[in-house]
Amino acid sequence: MPEAAVKEKRETTAPDAQQELTDGFHLIIDAFKLNGIETIYGVPGIPITDFGRMAQAAGIRVISFRHEQNAGYAASIAGFLTKQPGICLTVSAPGFLNGLTALAHATTNCFPMILVSGSSEREVVDLQQGDYEEMDQLAIAKPLCKAAFRVLHAQDIGIGLARAIRAAVSGRPGGVYLDLPAKLFGQVMNADAGKKSLVKVIDPAPSQIPAPEAIKRALDVLKNAKRPLIILGKGAAYAQADDAIGSLVEKSGVPFLPMSMAKGILPDTHPQCAGAARSTVLKDSDVVMLIGARLNWLLSHGKGKTWGEAPKKFIQIDIEPKEMDSNVEIAAPVVGDIGSCVSALLLGMGGNWPAPPADWIKAVSSKREENVAKMAPRLMNNNAPMDYHGALGVLRTIVKERPDAIFVNEGANTLDLARGIVDMYQPRKRLDVGTWGVMGIGMGYAVGAAIETGKPVLAVEGDSAFGFSGMEVETICRYKLPVCIVIFNNDGIYRGTDLNSASSDPATTVFVKGSRYDKMIEAFGGVGVNATTPDELKRAVNAAMDSGKPTLINAVIDPAAGSESGRIGNLNPQSALRKK
Ligand code: ADP
Ligand code: TZD
Ligand code: MG
């Protein structure tokens, strides 16, 4: 904008002594409220401390964490659970950087989130004159998010937040960065003009209707399949089109495989669920319909040994057109939002859609029954120290009895085995490490899920995984959240048995033996329990879930029970050499 125009704009909105005034602080709060943002996750400090106080006074819930990364993870999972951008608020430079991991995580996982960070003064930052917490945050955030904006003038706060919200939730959801320089908060303007400058975002994530010919093409491919498979991804869970997806699966009669965070859209115990026949359906299927799942490393990129020799045709439903053909040819791309696409497919299928060939259905269900039967006795063992199966057998029953609890899960063996063993019955109940396999989401997710849903949370954590966010047990106690943390304590990363033969230092993968994580929560008034058998574990979890009191259970697991890198040891560059 030319200087004269800027001057004129300023003058038209400059405060008049007679009129009521507002400021940046209040405009941001009003803009949040106008757009239905009720909760902020963050850590206070210069220049946002007063903002947090004022937001709280204005009725916004401000959840204060011990580290921004965990606040960011809470915001990211709030986005996944609600389809509204989760808000994370941080101070400048170091606080911003701590929040950035979570912002990048939200972008990678397609969760809508806005990282709002205070920043130092532009004039000083740009001349690199060494301001307090100086950093060019906008430039640093840009490559890690969908969009990044900075607001310099109070009258632009409304439009700035509107742009951030729309960028986060429309199309493929993701992370957005909003930079608010310290001076902005104190800028004063006429209250009326301020009110008029706010923007309520209408229809922030508009439906994206698929093309009729894309629907027809997809149904033609599906109809001609001999061995069809539907794969549900976390995009399908995010879309909240549970009934339509259920109808599509049941009407088609096609076996379905849920990705980790898509478990529960239909119950894992559904007769068409092929979760327990995963290798078979991936290898032997001839047509695969992906609904909100990418063909990334988690699906072996759609090729190679996992997918077998037989040629395959892919149908892919996704809101992001660029996702098509990312790894292999997509025979029938269907671009649109999952709700609209699935409804259009259902309509196109008409009244009597042919069931898939009976021999395929039979092959899948017998494989599934065989695998379930093989697993059953292992889940019933009452060994002490516990192994993963004994402990998870207990948790599996508890989740069955309490299907509306939210199950947070991270670790290596603790993650991979729980994913396979613990059945889910309702959508958006299983929250885990996601696309990056990141450790550290645990306590942030637990807090975010408890706050957003009001449901009890059961967080099952490897002892290493827990360490990344463990200090937030204080946050859980402070807000009195109904969170039960179970730490699978096997004395280390993957196993607690490694030895260092070169020096007296411990091996890199082991922790202090016999640690008592349960004592940590007692420091903050929570309930700590040491559980050494599946029976003890069961009693402790049930008591925690009944009482709703913050609880941490140290579940003692045999240090030799796990395997290196859990189930993804094949990605470990050295593991092949070591085996020789
Ligand atoms: P998973 O890890 O469970 O396999 P991914 O994160 O790889 O799932 O894939 C999720 C996909 O869902 C992304 O490609 C994203 O673009 C897509 N997606 C997210 N929300 C929607 C929606 N509402 N409609 C259509 N596609 C969506
Ligand atoms: N750092 C981050 C942020 N993410 C990671 N995934 C890792 C490091 C590497 N890593 C894994 O991939 S799993 C894991 C680490 C450190 C911990 C596994 O140990 P655990 O689980 O105690 O959590 P198990 O049950 O002992 O296998
Ligand atoms: Mg461990």
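Values as computed for the structure displayed
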read-out	value
Paramagnetic reach from Lys400 in the stretch 527-570 [backbone N under 14 Å; point 7 Å along Cα→Cβ]	none
The stretch 201-266: trypsin sites (Lys or Arg not before Pro) in DSSP loop, at most 16 other beta carbons within 10 Å	Lys226
Chymotrypsin sites (Phe, Trp or Tyr not before Pro) restricted to DSSP loop in the stretch 160-254 with at most 11 other C-beta within 10 Å	none
Prolate/oblate/rounded call for the chain, Cα gyration tensor, a/c under 1.5 rounded	oblate
Cα gyration tensor shape for the stretch 212-370, rounded if a/c is under 1.5, else prolate or oblate	rounded
Packing-based order for 191-202, 388-399, using average beta carbon neighbours within 10 Å, highest first	388-399, 191-202
Inter-site label distance for Leu34 and Thr269 at 7 Å from Cα along Cβ, in nm	5.0 nm
Ser64-Tyr132 FRET efficiency (beta carbon distance; Förster radius 22 Å; 0.05 resolution)	0.55
Angle between the chain longest axis and helix 93-109 axis [Cα atoms, degrees, rounded to 10]	50 degrees
Rounded to the nearest 10 Å², the accessible area of Thr475 at probe 1.4 Å	0 Å²
Karplus-derived HN-Hα couplings along the stretch 401-409 (A = 6.51, B = -1.76, C = 1.60, θ = phi - 60°), whole Hz, x at Gly and Pro	7, 10, x, 8, 6, 8, 10, 9, 8
On Cα atoms only, tilt of 157-169 relative to the major axis of the chain in degrees	10 degrees
Euclidean distance between Cα centres, the stretch 490-559 to the stretch 447-466, Å	16 Å
Part-to-part distance (alpha-carbon centres) for the stretch 79-115 and the stretch 361-402, which is given in Å	36 Å
Tensor-based shape of the stretch 58-154 (alpha-carbon gyration tensor, a/c under 1.5 rounded, otherwise prolate or oblate)	prolate
Exposure ranking of Ser326, Ser117, Ser515 by accessible area [1.4 Å probe, largest first]	Ser326, Ser515, Ser117
Residue-level accessible surface for Cys273, protein heavy atoms, 1.4 Å, Å²	10 Å²
Heavy-atom accessible area ranking, 1.4 Å probe, most first, across Thr22, Thr497	Thr497, Thr22
Low-density loop cleavage sites - GluC sites (Glu not before Pro) in the stretch 265-356, where at most 10 other Cβ are within 10 Å (DSSP)	Glu309
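The values are calculated or read from the model by the stated rules, or taken from the named source; none is laboratory data. Remember, predicted model here, so these are calculated numbers, not experimental data. When we count neighbours, we look across all protein chains shown, and the Cβ atoms used for this are built from the backbone with ideal geometry, even at glycine. Areas reflect the complete protein model, heavy atoms only, side chains present, ligands, DNA and RNA absent. Shrake-Rupley method; radii C 1.70, N 1.55, O 1.52, S 1.80 Å.
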